[in-house]
1. In whole percent, what relative contact order does the chain give with Cα contacts below 8 Å and a gap of six or more residues?
2. So who's got an amide H within less than 5 Å of the one on residue 159, skipping anything under 5 residues away but keeping other chains? H placed 1.01 Å off N, in plane.
3. In a shell of Cβ-Cβ distance under 14 Å around residue 51, excluding residue 51 itself, what net charge do Lys and Arg (+1) and Asp and Glu (-1) give?
4. So if I take the alpha carbon set of the range 2-182, get Rg, then get Rh from the Kirkwood formula, what is the Rg over Rh ratio?
5. So in the range 1-128, what percent of DSSP beta bridges are antiparallel if you round to the nearest 5?
6. Taking only Cα atoms, what is the 0 to 90° angle, nearest 10, from helix 95-112's long axis to the longest principal axis of the chain?
7. In the chain, what percent of the accessible surface is made up of carbon and sulfur (1.4 Å probe, ligands and nucleic acids excluded)?
8. I'd like the orientation of helix 50-59 relative to the chain: the angle between its Cα long axis and the longest Cα principal axis, in ° from 0 to 90, rounded to 10.
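The values are calculated or read from the model by the stated rules, or taken from the named source; none is laboratory data. Small disclaimer: the values here were computed from a predicted structure and weren't measured. Methodologically, a virtual Cβ is constructed for each residue, glycine included, from the backbone with ideal geometry; neighbour enumeration extends over all protein chains shown. When the accessible area is computed, the model is the full protein with side chains, heavy atoms only, and any ligands, DNA or RNA have been set aside. Shrake-Rupley method; radii C 1.70, N 1.55, O 1.52, S 1.80 Å.
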Amino acid sequence: MKQVKIGSCVLSLIQGDITEQATEAIVNAANSRLAGGGGVDGAIHRAGGPAIAEECRKIGGCPTGKAVITRGGNLKARYVIHAVGPIYQGGKKKEAELLRSAYLSSLQLAEEHRLTSISFPSLSTGAYGYPLKEASLVALRTIIDFLSEHPGTSLREVVLVLFTSPDLAVYEESLTQVLKERGIET
Ligand code: ADP
């Protein structure tokens, strides 16, 4: 499954580069110092230019499981939502709860700004080591539950952008699983 409609919002899974997405906001896999780094974070700052880091410096930081919003600089996206996922430490350090919270905080920020579209990368599954299958289930349950519980949401499009085709395949399988769990007809 690659696409599903939840209320008035379409949730899609695609393979691609998050920095190239033209949704109103893209989500960054940030660290709590908002200091920039490798992976998604490095790519966003390289493509978006120094204005993003400047705004991050003024904000100062963001706790794990939360998110902050800046402008998108030179990106196609007008905003970057910097979400801080957990570093995976075996699964007993509230990682699932913190990962859920990072997705949820991003969705809440998008909603507060009445954004219509947002793209997410797979938070925490790169340098932060979160097992992909488990992370995909957390990501999809959180997004689907948020959309189901907010029928009046401003969001019309939520995109999960997976960097590799094997990652996309894992997310596709998880989407089918979560829709079945939640009793959502497709
Ligand atoms: P974290 O530190 O939260 O683990 P990373 O940026 O290291 O974040 O990786 C998160 C996921 O994003 C990984 O699955 C990685 O393969 C993927 N990724 C890396 N670069 C990009 C990109 N430009 N667009 C989309 N996904 C990316």
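1. On the way: 375 pairs, mean separation 54.6, N = 186.
Rounded, it is 29 percent for the chain.
2. When sequence neighbours closer than 5 places are left aside, the close amide H contacts are 12, 118, 119, 120.
3. Values: positive: 46, 57, 58, 71, 78; negative: 54, 55.
Value of the local net charge: +3.
4. Numbers: Rg = 14.8 Å, Rh = 15.9 Å.
Rg/Rh: 0.93.
5. Working: 9 of 16 bridges.
Counting DSSP beta bridges with both partners in the range 1-128, the antiparallel share is about 55 percent.
6. The angle comes out at about 80 degrees.
7. Values: 4380 of 8600 Å².
Here it works out to 51 percent.
8. Approximately 90 degrees, to the nearest ten.
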